[in-house]
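Chemist: Got a structure for you, questions after.
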Amino acid sequence: MRRLLSSAAVAVLVLAAGSSLAATPQKSPLAAKPTTITAANVTTQLPRGVVPSHYDLVFTPDADKMTFTASVKIAIDLAAPTRTITLHAADMTFSKAEIAGIGPARVSIDAEAQTATFTFDKPVTKGAHVLALDYAGKIYTQAAGLFALDYDTDQGKRRALYTQFENSDARRFIPSWDEPFFKATYSMQAIVPTGQMAVSNMPITKTEDVGGGKSRVTFAQSPKMSTYLLFFGLGEFDRATAKVGDVEMGVITKKGDLAKAEFALKSSGPILQWYNDYFGVPYPLPKLDHIAAPGQSQFFSAMENWGAIFYFEYALLEDPAISTQKDRENIYTTVAHEMAHQWFGDLVTMQWWDDLWLNEGFASWMESRATEHFHPEWNSQLSAVANREYAMGLDSLSTTHPVVQHVETVDQASQAFDAITYQKGEAVIRMLEAYVGPDAWRDGVRRYMKAHAHGNTQTDDLWKEVEAAAGKPITAIAHDFTLQPGIPLITVDAGACAAGKTTLTLTQGEFSRDKPTKTPLAWRVPVSAQVAGSTTLSKTLVTGGKGSLAVDGCGPVIVNAGQTGYFRVLYAPKAFTGVKASFAKLPAIDQLGVISDAWALGLNGQQAVTDALDLAVGTPVDADPQVWSKVADILTSVDGMYDNAPAGRDAFRKLAIARLAPVFAKVGWTAKAGEAAPVASLRASLITSLSTLGDPAVIAEAKRRYAADKADPTAVPGPLRKTILAVVGRHADARAWDALHEQAKAEKTPLIRDQLYTQLASALDPALSAKALELAITAEPGETLSANMISRVALLHPDQAFDFAVAHKDAVNGKVDAASATKFIPGLGRRSADPAMIEKVQAYAKANLPEGSRGEADKTVAAVTDRIKTRKAALPAIEAWVAKGGATAAN
């Protein structure tokens, strides 16, 4: 699954019943009443005494009535005789339940536990049986179970049906043992409108006309897999294919959009071949489709259904009218992520959600590896630092959790899809790969795949295979970083250079922003270092809290050189002075690591907060574009600190704009022939940052280009459309907001339409953000876009968004998918700096969330508390630094 962060996936079953429903709006079946899903504080797992081996499913969706009917025959094996069989089922009614030779069963539903229990008059004997069930279920309006998405076309409205199964929503579509441990094979038949395209995990084997404008579509039997990977799609689709060895690679879009999927299709073939080699196990299915659908989720952007990967359109389609270079890169990394899951997650699956990171951390790491291999021109290895920083933002607060975490309920499983599971998981893999070497790591992964294909694993199964391949112990190190939370802090004291070597004294502590105890956790930490400008890397393993390292050469030493380690680096003042002096000449990845550590440690009061600002203003104009994007992020973060102290903001903005303006002048508004891809991304980043800083020239030019768009086709080039719209939306007055609104209502292309509605929710003016909130809970934006609009308001107006959501709780929850039900409203307040928010979030959680489902609320409270503390501590020093001209522009 590709989750959302700046970018973000969940099991989806695409049933795009795109019937041509063009009736009057008030009577159209597309106006079906939303079906909402409440939070699931369900303690699960099912007993192991009954094990399914095969599901034979026949179902008929009714897109107009938002219901479906189905029958399923489940081959099961009983370890002992029993009169009762319990499985997962949610929002279902049963009309028949029986086992041949045993007879019919009485059905009892436990809605809270999401189970159905079948009780027989006589015991079901030990051994093999077939449980036959006839049932009916609901179609929802958010991404859980079988759900509907409506979209506009030139021929009128269409409805697409999808299902979302990960982590625990297959039970809304098929009565099942809905846990990853219970792998089984699947046969599927669907009764569908004749002429529509049907797609599932496996190819179609037969299509029969059954009359009444319907056809029965039969798919080949699937391999053994977990319930959350099942997939079906139906609708008015186009499909393009390419042969990659014996595998048919496909892209599926709504009609007319195939050209937008060309980049994804061309990219996926080489990725498949590369993964076949890397994993040492060929992709085992006959086809692999990438399916694009309109809409959004707060939880995910794509889902790795085996052989039929689902994507929301923005994660797969490249539209020259609006897509950016960053969009192109995100499409590639998302495709690479989901394809990696075809092995890590689909072929080999974690036994239970405790080990979710085996799916998501590895897919995140493989997407990075594939991108670095096939697109070195994107310089994507630098993103490893940004990903690590995202994880550390959560991992440095007391509300964090280990990578391998204990999961008891459906809600807790949903909340496990976070930056610790994804980005910290990726960072730990990257560190361990560097520790044992890339060849040994790959060989260990190949051993793991071959040993556990079509099975379930726990984390230690992987460490066992890597150790065997590497001939080097890593389990103890891996346990330190995956079984306990938090971030090591390596403090560096550099001794004098003697005999051509510099000896470092290293002390291991813990980096935490709110941990009450001063006793740090202990880690075994792989550390690498090199003298600035040297190519010789020295390595050691810090154990027992202490270590030393002799580094070849004399001069400033960069610890965590290459940035493969998951730890913060705190230099002694003298050592940092040398690092600062050599900063401009460091490799870009180390510039990012050094400035990121300095900024985090400065905000935490462990070194001068102005150290990072000195680095920022001293960064050379010709530094790597991603370094400048980081500098811009730091400057806009400081700008946000002035929200409650606006008096000093003008002086800071003047300094910040002066620092960024020369870089933007070099990049310019217009792309140059042959410019590097990172430059295009930097252009958008700088425009956004300068807009945030209130640069009048940038704001005026963006507004001019937007106004000239209809008359001048060059005014708003596709790669800058999102950026220009964002500036216009942020600085809109009532008249401009109304114009954007009219444009949004008239737009038919979902990718552009969604952007327009998003920018309506991005205004600085609180009166306009209030209008956006009211608009969001109407039917106009679309059922899946509404929550995104509310989230967007919360970026600038967290208190307003949270208060609105609480006041309209039922309406807002109706716009949120099940996996986000316990996270969405509490998360709206996370960017607040108002102490009152802490009590408001706690009160909301106590009144509305089960005790075991308050993780997101706790994270929000921790984030707000930290923000208040940090601003109070850091802003005086920053203001003094600004008063001195940014330490006279860092000398």
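The values are calculated or read from the model by the stated rules, or taken from the named source; none is laboratory data. Quick caveat, the model's predicted, so the values are computed rather than measured. All Cβ positions, even for glycine, are placed from backbone atoms using ideal geometry, and neighbour counts span all protein chains on display. The accessibility values were calculated without ligands, DNA or RNA, using every heavy atom of the protein model including side chains. Shrake-Rupley method; radii C 1.70, N 1.55, O 1.52, S 1.80 Å.
Chemist: Separation between the residue 679 and residue 468 pseudo-spin-labels, each 7 Å from Cα along Cα→Cβ, expressed in nm?
Modeler: Each label point is offset 7 Å from its Cα along the Cβ direction, giving 5.1 nm.
Chemist: Which percent of the accessible area of the chain is formed by carbon and sulfur heavy atoms (probe 1.4 angstrom)?
Modeler: Details: 17240 of 31990 Å².
Of all accessible area on the chain, carbon and sulfur atoms account for 54 percent.
Chemist: Next question, about the same structure. Search the structure for amide H atoms under 5 Å from the amide H of residue 454, placed 1.01 Å from N in the peptide plane, and list their residues when 5 or more places away or on another chain.
Modeler: Here the answer is 348, since their amide H atoms fall under 5 Å of that of residue 454.
Chemist: Of 127, 168, 137, which is farthest on the positive side of the dipole of the stretch 107-172, counting Cα position, with +1 on Lys and Arg Cβ, -1 on Asp and Glu Cβ, and the Cα centre as origin?
Modeler: Checking the options against the dipole of the stretch 107-172, the answer is 127.
Chemist: Rounded to the nearest 500 deg cm²/dmol, what is the calculated helix-only ellipticity per residue at 222 nm for the chain, with -39500 (n - 2.57) per DSSP H run of length n ≥ 4?
Modeler: -12500 deg cm²/dmol
Chemist: Given the options 521, 629, 576, identify the residue whose Cα lies farthest towards the positive end of the charge dipole of the stretch 497-638 (+1 on Cβ of Lys, Arg; -1 on Cβ of Asp, Glu).
Modeler: It is 521.
Chemist: Here's something else I'd like to know. In square nanometres, what is one fourth of the surface area of the convex hull spanned by the alpha carbons of the stretch 494-631?
Modeler: The Cα convex hull of the stretch 494-631, projected and averaged over all directions, gives 8.2 nm².
Chemist: Additional query: Could you calculate the FRET efficiency of residue 703 with residue 386 from 1/(1 + (r/R0)^6), where r is the beta carbon distance between them and R0 is 25 Å, rounded to 0.05?
Modeler: Using R0 = 25 Å, I get an efficiency of 0.25.
Chemist: If I model a spin label at residue 843 and residue 96 as a point 7 Å from the Cα along the Cα→Cβ vector, what separation in nanometres do I get?
Modeler: Reported label-point gap for residue 843 and residue 96 is 5.5 nm.
Chemist: Rg and Dmax of the stretch 38-162, using alpha carbons, in Å: what are they?
Modeler: Here Rg and the maximum Cα pair distance are 17.2, 59 Å.
Chemist: Another one. Please compute the per residue accessible area over the stretch 681-761 with all protein chains in place, 1.4 Å probe, rounded to a whole number of Å².
Modeler: 39
Chemist: Taking a label point 7 Å from the Cα of residue 499 along the Cα→Cβ vector, which residues of the stretch 528-570 have an amide N closer than 16 Å to it?
Modeler: 549-554
Chemist: Another one. Residue 746 to residue 647: FRET efficiency via 1/(1 + (r/R0)^6), r the Cβ-Cβ distance, R0 51 Å, to the nearest 0.05?
Modeler: Numbers: r = 43 Å, r/R0 = 0.84.
So, using R0 = 51 Å, E works out to roughly 0.75.
Chemist: On alpha carbon coordinates alone, what is the Rg over Rh value for the stretch 778-891, Rh being the Kirkwood radius?
Modeler: Checking Rg against Rh, the ratio lands at 1.13.
Chemist: Please compute the Cα-Cα pair-distance distribution of the chain with 20 Å bins starting at 0, giving whole percents from short to long.
Modeler: With 20 Å bins starting at 0, P(r) equals 14, 47, 32, 6, 0.
Chemist: Further question: Treating cross-link reach as a plain straight distance, find the aspartates and glutamates whose alpha-carbon is under 20 Å from the alpha-carbon of residue 585, omitting any fewer than eight places away in the same chain.
Modeler: 552, 597, 611, 614, 622, 624
Chemist: Quick one: 3J(HN,Hα) in Hz for the stretch 356-361, Karplus 6.51/-1.76/1.60 with θ = phi - 60°, rounded, Gly and Pro as x.
Modeler: Each residue's phi maps through the Karplus curve to give 3, 4, 4, 7, 7, x Hz.
Chemist: While we're on this one: Taking a ≥ b ≥ c as the square roots of the Cα gyration tensor eigenvalues, with a/c under 1.5 meaning rounded and otherwise prolate when a/b beats b/c, else oblate, which class fits the stretch 595-738?
Modeler: Numbers: a/c = 2.60, a/b = 1.45, b/c = 1.80.
Oblate.
Chemist: Calculate the tail of P(r) for the stretch 688-751: the fraction of all Cα-Cα distances greater than 17 Å, expressed in %.
Modeler: 41
Chemist: Any idea what Rg and Dmax come out to for the stretch 54-113 if you just take the C-alpha atoms, in Å?
Modeler: When restricted to Cα atoms, the stretch 54-113 yields Rg and Dmax of 13.6, 44 Å.
Chemist: If I take the Cα coordinates of the stretch 437-544 and project them onto the principal axes, what are the three extents in Å, biggest first?
Modeler: For the stretch 437-544, the Cα spread along each principal axis is 55, 40, 21 Å.
Chemist: Let me know the volume per residue of the alpha-carbon convex hull for the stretch 177-252, in Å³.
Modeler: On the way: hull volume 8.3 nm³, N = 76.
Cα convex hull per residue, to the nearest whole number: 109 Å³.
Chemist: Ok, one more. Residues of the stretch 458-472 with amide nitrogen under 18 Å from the 7 Å Cα-to-Cβ point of residue 450?
Modeler: Counting only backbone N, you get 461-472.
Chemist: Return one whole number: the accessible area per residue of the stretch 261-396 in Å², for a 1.4 Å probe.
Modeler: On a per-residue basis, the stretch 261-396 sits at 22 Å².
Chemist: When the chain is fully extended, how far beyond the present Cα-Cα distance does residue 541 get from residue 581, taking 0.36 nm per residue of separation? Intermediate values should be presented prior to the final figure.
Modeler: Working: separation 40, 0.36 × 40 = 14.40 nm, distance 2.76 nm.
In short, 11.6 nm is gained.
Chemist: Rounded, prolate or oblate: which fits the stretch 336-480 when a ≥ b ≥ c are the square roots of the eigenvalues of the alpha-carbon gyration tensor, with rounded for a/c under 1.5 and prolate only if a/b beats b/c?
Modeler: Rounded, since a/c falls under 1.5.
Chemist: Let's see if you can work this out: charge +1 on each Lys and Arg Cβ, -1 on each Asp and Glu Cβ, no other charges. What is the dipole magnitude of the chain about its Cα centre, in debye to the nearest 20?
Modeler: 620
Chemist: Among all lysine pairs in the stretch 150-286 that are eight or more places apart or on different chains, how many have alpha carbons less than 26 angstrom apart?
Modeler: 20
Chemist: Still on this structure, I have one more. Considering only C-alpha atoms, what is the centroid distance from the stretch 229-245 to the stretch 679-753, in Å?
Modeler: After rounding, the separation between the Cα centres reads 35 Å.
Chemist: Give the peptides 201-208, 306-313, 577-584, 679-686 in descending order of average Cβ contacts within 10 Å, highest first.
Modeler: 306-313, 679-686, 577-584, 201-208
Chemist: Shifting gears a bit: Using a simple spin-label model with points 7 Å from Cα along the Cα→Cβ vector, what separation in nm is obtained for residue 621 and residue 242?
Modeler: Simple spin-label model gives 4.1 nm for this pair.
Chemist: Beyond 18 Å, what share of the Cα-Cα pairs of the stretch 399-458 is found? Please give it as a whole percent.
Modeler: 53
Chemist: With the dipole of the chain worked out from charges on the C-beta (+1 for Lys and Arg, -1 for Asp and Glu) around the Cα centre, which of 688, 674, 149 lies farthest toward the positive end?
Modeler: 688
Chemist: Taking the Cα centre of the stretch 93-249 as the origin, how large is its charge dipole in debye, to the nearest 20, when only Lys and Arg (+1) and Asp and Glu (-1) carry charge on their Cβ atoms?
Modeler: Values: 17 positive and 18 negative charges, 78 e Å.
So the dipole magnitude of the stretch 93-249 works out to roughly 380 debye.
Chemist: For the stretch 797-804, what does the Karplus curve 6.51 cos²θ - 1.76 cosθ + 1.60, with θ = phi - 60°, yield as ³J(HN,Hα) per residue in whole Hz, taken in order and with x for Gly and Pro?
Modeler: Working through the residues one at a time gives 9, x, 5, 5, 5, 5, 4, 5 Hz.
Chemist: Grab the beta carbon distance between residue 519 and residue 795, set R0 = 45 Å, and tell me the FRET efficiency rounded to 0.05.
Modeler: 0.75
Chemist: Report ³J(HN,Hα) in whole Hz for each residue of the stretch 226-240, in order, from the Karplus equation J = 6.51 cos²θ - 1.76 cosθ + 1.60 where θ = phi - 60°; Gly and Pro get x.
Modeler: 7, 4, 5, 9, 5, 8, 8, x, 8, x, 8, 10, 10, 9, 10
Chemist: To continue, here is another question. In nm², what is the average projected area of the convex hull enclosing the Cα atoms of the stretch 644-687?
Modeler: 3.7
Chemist: In terms of the ratio Rg/(2.2 N^0.38 Å) built on C-alpha atoms, what value belongs to the stretch 119-188?
Modeler: Ratio of Rg to 2.2 N^0.38 Å for the stretch 119-188: 1.56.
Chemist: A further question on this structure: Based on Cβ point charges of +1 for Lys and Arg and -1 for Asp and Glu, what charge dipole magnitude is obtained for the stretch 210-329 about its Cα centre, in debye rounded to the nearest 20?
Modeler: 400
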